Each structure stands twice: as structure tokens, then as C-alpha cells.
Ligand code: PFF
């Protein structure tokens with residue numbers, strides 16, 4: 001007979017603020033810091049911001065709330081939550097856990113790069129004059145990035161072994177406020193550089209050029225939707241899992257607004273920290289450099305400003321906090337699955353899963369150097385894992401989540417759960433419309449366009 005653990009055995013967030021910071025921490029990550037600024041700048045500036053906010057409202061908030069109510073109602077993490085309501089849908093939770101597993105395997109590699117840059121700044125910030133070559137040769141080398149990746153994963157495991165209140169909540173309460181202070185400091189520095197105004201204009205002022213034909217317009221719309229998805233970590237079981245540790249009297253509508261609002265705020269602050277600095281001290285073309293933006297362009301930008309070493313260090317520390325809080329959430333999703341479903345001890349579940357993902361991450365890291373000859377569909381292992389999660393697993397899982405909450409469990413059940421806090425759910429009908437109709441259609445568009453555009 002299975003001895004289902006009661007929620008106090010599973011752990012619980014001690015305060016609403018702790019939950020909000022942990023959930024916001026899971027959302028705020030590399031997506032906010034390097035992806036959002038350059039996508040927004042190149043996709044119409046102010047227009048992109050408007051589209052983005054619109055999709056946060058119609059996709060981000062309803063799906064986050066749907067996942068949160070599912071978790072709190074069942075008091076179980078992703079797989080258990082679906083299974084408790086309808087056994088046939090257990091696999092949807094499984095997709096979420098699988099997705100978290102794959103993402104963390106390579107996310108931790110990038111986390112390791114961030115640690116390496118912190119170490120580089122702490123030891124004098126010598127990048128050998130050529131920032132691009134420095135980064136390229138570092139990621140392709142066989143030992144150093146692997147070691148930093150293992151250190152990053154070990155750090156996350158240490159926090160998650162500590163449990164919900166003493167590990168995740170405590171770490172988030174330190175890292176997220178610190179991240180906020182640091183990003184404001186870097187943004188103020190960037191916006192006061194001579195020449196910064198051009199960058200701010202590029203970021204904020206509506207520019208019709210990138211959206212002035214129907215096909216360009218559709219592309220930008222799809223980019224905005226995809227960015228909302230990635231940034232809010234939708235469809236991964238994270239919010240189901242964190243929601244399951246939430247007290248019944250928490251006002252989930254308020255928490256959802258705060259989490260999604262904080263995520264968007266950090267994305268905008270990241271734009272204000274990065275774009276004006278790149279405009280002032282580098283060239284605009286460098287904004288499109290993808291991962292190179294953070295690791296190649298920004299160190300050069302920091303080096304050409306007074307006290308650049310200090311700002312570079314602060315910047316990479318804040319990137320570390322952002323990446324770590326997301327990685328901790330991913331590890332928790334995988335561990336909680338084993339704790340809830342197979343009744344493993346937290347320590348055993350966390351350490352074994354962290355070790356398994358670390359091992360796969362080693363291959364992902366080597367796929368940029370020693371193992372680059374091994375490709376899947378023309379991509380190295382690192383890129384193939386990103387493709388699988390971002391383009392397939394995340395949208396599929398989010399689509400099924402909407403269908404499940406909208407039609408199988410029922411939006412009324414979700415709404416009842418939302419109202420447990422004693423406050424009427426005034427946006428109930430809008431929520432039902434988004435979860436049942438609007439979100440599934442939009443997600444289908446993201447899924448198809450993502451595969452077609454590949
Ligand atoms: N939301 C994170 C970011 O913006 O960087 C990325 C992410 C983390 C996506 C965790 C998915 C996830 F499960």
C-alpha cells in the first residue's frame with residue numbers, strides 16, 4: 001500500500017513572499033538577460049514591448065495560474081498531480097519532468113560559463129585582448145568548462161537537498177533581491193554613459209520597420225509569444241511543483257501577477273542595462289550575437305568603461321543568481337517527481353538526479369569541442385537538446401496543460417482552488433476563455449511556426 005506523504009512531509013513555503021521570490025526566480029533567467037533585450041530591440045522596440053505585455057496577459061498569467069492551481073489542489077508535483085486527477089493524463093506531467101531534466105543538463109553548462117567569468121573577473125579580468133577568441137576557446141576546451149558545470153550543478157543540488165523552506169525559499173530570498181539591486185546598479189551605469197540615449201531609443205521607441213509587412217509582423221508576433229513562454233518557464237511543471245508547496249490561504253491571483261510582473265520588469269531592466277552600454281561603447285550589430293552578447297560583447301563593453309572590472313563582476317554575479325534560481329527550480333521538478341511518486345528520500349532523489357543530469361551535461365559541454373563531430377539533425381548535442389525542449393517539449397506540454405485544465409479537470413475546479421483564499425475570482429470568465437480557447441490556438445501557432453522556421 002502506498003503511503004502517500006502529507007504536505008507537511010513534503011515541505012511548504014513559509015511565506016507568500018518566499019513563494020513569489022522562488023517562483024519569480026525560476027522564471028527570471030538567461031532568457032530575460034540576453035534574449036529579451038536583443039529580440040525586443042531588433043523587433044520593433046516599443047511595439048515589441050506592447051506585444052510582449054499583451055501575451056503575458058493572455059498566455060502567461062492564465063497558464064501560470066492554471067499550473068499553480070493544479071499543484072496546490074493536488075498537493076503533488078507534476079506527474080502525481082495529473083495522475084491524481086486522471087490516470088490517462090499522467091504522461092503530461094512526465095513530459096514536463098523530462099523537459100526539466102533535459103533543460104537542466106545543458107542549462108548547467110551555461111551556468112558553469114557564468115561561474116568561470118566571475119572567477120575571471122575576481123582574478124583580474126584578463127581576457128587576452130580578444131574576447132571572442134577567449135570565449136570560443138574556453139567553451140571548446142575539454143576540461144575547464146566541464147569542471148565549472150559540475151560546480152554549478154553541485155551548488156544547485158546543495159540548495160535543493162536543503163528542502164523547500166530551508167533550501168529553495170532561503171536561497172531565493174537572498175539571490176533575487178540581490179539580483180534586483182545589482183541589475184539596477186548596472187542599468188543606471190549603462191544609461192548614464194555618453195551616447196546611451198540612442199540605445200534607449202532603440203529599445204523603447206516604437207519602430208514600424210521590423211513589422212511593416214504581413215510576414216515580418218507574424219514573425220515578430222511569434223517571437224513575442226515564444227519569448228513569453230521561455231521567460232515564464234511555462235509547461236515545465238515548475239509552477240505545478242512550487243504551487244504544491246503553497247499554503248491554501250495564499251491569494252494565487254495576486255502571486256501570479258507579481259511573479260509575471262517581476263519577470264517582465266527584470267527583462268526591461270536587462271534591456272536598459274545592456275542595450276545603452278552596447279550602443280555607447282560597442283557597435284549596434286553586436287546586439288544580435290546571441291550567447292556571444294553576454295560572453296563576448298559585454299566583457300569588452302565593461303572593459304572600456306571606468307571601473308569596468310567592478311561592473312563586469314557585478315553583472316556576472318547577477319547572471320549567476322538568475323541562472324541558479326532557474327536551475328534550482330528545474331532540479332526540484334525532477335526530484336519532487338521521485339519524492340512524490342516513488343517516495344524516495346529528498347537527498348537520494350536530488351543527488352542521484354543531479355548526478356545523472358551532470359553526466360549528460362558533460363557530453364553537452366564536450367559537444368562544443370572534442371565531440372563536435374557527433375551531430376543530430378545537423379546540430380551538436382547542446383543545440384539539439386535546446387531544440388527538443390524549446391521547440392517541441394515546452395509547447396506540447398503547455399498545450400496539453402491547457403487542454404487538461406480547460407476540459408478534463410475543468411476551469412471551474414481551477415477557479416474553486418483559486419477562491420480557497422476567500423477572495424472572489426473576478427477574472428474567472430476571462431481565465432476560462434484564455435485556457436480553453438485562446439492559449440491552445442496560440443500555442444499551436446508557436447509549435448508549427450517553430451518547426452517550420454527551423
Ligand atoms: N525562464 C528561464 C529564462 O528566462 O531564462 C529559462 C527557463 C528556465 C526555461 C527553466 C525553462 C525552464 F524550465
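Coordinate-derived values only; no laboratory data. Please read all numbers here as calculations on a predicted model, not as lab measurements. When we count neighbours, we look across all protein chains shown, and the Cβ atoms used for this are built from the backbone with ideal geometry, even at glycine.
A Förster distance of 22 Å, applied to the separation of the beta-carbon atoms of residue 344 and residue 251, puts the FRET efficiency at 0.10.
log10 I(q)/I(0), Debye, Cα-only the chain, no solvent, q = 0.11, 0.13 Å⁻¹? Log-scaled intensity ratios, in q order: -0.84, -1.19.
Quote the FRET efficiency, to the nearest 0.05, computed for residue 416 versus residue 54 with a Förster distance R0 of 35 Å and r equal to the Cβ-Cβ distance.
On the way: r = 28 Å, r/R0 = 0.80.
The formula returns an efficiency of 0.80 here.
One chain, two ends: residue 355 and residue 396. Fully extended at 0.36 nm per residue, the span grows by 12.1 nm beyond their Cα-Cα distance. Once the Cα atoms are used to define both axes, helix 308-341 deviates from the longest principal axis of the chain by about 20 degrees.
Tell me what the chain gives for mean residue ellipticity at 222 nm when only DSSP H runs of n ≥ 4 count, each as -39,500 (n - 2.57), the sum divided by the residue total, rounded to 500 deg cm²/dmol.
Counting only the DSSP helices, I get -22000 deg cm²/dmol.
For the Cα atoms of the chain, what angle does the longest principal axis make with the long axis of helix 170-191, in degrees from 0 to 90, nearest 10? Between the helix axis and the principal axis of the chain, the angle is about 30 degrees. Between residue 423 and residue 158, the distance separating the two model label sites (each 7 Å from Cα on the Cα→Cβ line) works out to 3.7 nm. Counting 0.36 nm for each residue step from residue 375 to residue 144 and taking away their Cα separation leaves a gain of 80.9 nm.
In the chain, the longest principal axis of the Cα atoms and the axis of helix 214-231 are about 70 degrees apart. Legend: calculated FRET efficiency, residue 166 to residue 119, from the Cβ-Cβ distance at R0 = 35 Å, rounded to 0.05, equals 0.80.
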